[in-house]
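Each remark here refers to the structure printed beneath this line.
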Amino acid sequence: MNAEHAARPATQPSITECTGCGVSFAEIDSDEEDEDEDEKTYPDEVCDDCGYITCESCACSHYRGSCYCQNSNFGTPYCTRAPAWYHGGRAGSYVGDRHPEEYVYEHPEAFETTPRQCGNCGEVKLCLKKEWLRG
Ligand SMILES: [Zn+2]
Ligand SMILES: [Zn+2]
Ligand SMILES: [Zn+2]
């Protein structure tokens, strides 16, 4: 069991079409109808914060897979992710603090020497130096 997933709110925003490409979604609760399942498109990712919804193909897209939130993507703060050019694709590039865990081992030289409060999530972390913030 994944506690984080279990804690997600049960209610979801009304879902009719993909925010990325506009494809209409099949109704999730139209159960038991033996229609051609392959023809249907279901929402893949939904951002509870801004309401952005993607189909499966958009969720994998660097152009359409970013939600409208400026500092997070589908609830995951950008500061915990390694820099990438497509972050904040909808609202502009995310330029705030970052402290991606995987970089600690790969690029320890990329981090500042003293932990401080992250400007995005508010946790005290070793943040990336400025020159490492561009993906
Ligand atoms: Zn789509
Ligand atoms: Zn969002
Ligand atoms: Zn943070």
It is to be established whether one or more residues within segment 19-34 are outside any loop (DSSP other than H, G, I, E, B), within 16 Å of ligand 2 (Cβ to nearest atom) and modelled with pLDDT of 90 or more. no
Select, from GLU39, GLU109, GLU45, GLU101, the only residue that is assigned by TED's automatic domain parsing to the domain that holds THR19 and either exposed (fewer than 14 other Cβ atoms within 10 Å of the Cβ) or modelled with pLDDT under 85 (or both). GLU39
Unique residue being among the basic types (Lys, Arg) and either within 16 Å of ligand 3 (Cβ to nearest atom) or at pLDDT 85 or above (or both) when the list is ARG81, ARG90: ARG81
Select from segment 60-76 the residues that are surrounded by fewer than 18 Cβ atoms within 10 Å (Cβ to Cβ) and within 11 Å of THR19 (Cβ to Cβ) and list them in ascending order. TYR68
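The values are calculated or read from the model by the stated rules, or taken from the named source; none is laboratory data. The model shown is predicted, which means the values in this text are computed figures rather than measured ones. Because the Cβ atoms are built from the backbone with ideal geometry, glycine has one as well, and the counts that use them run over all protein chains shown.
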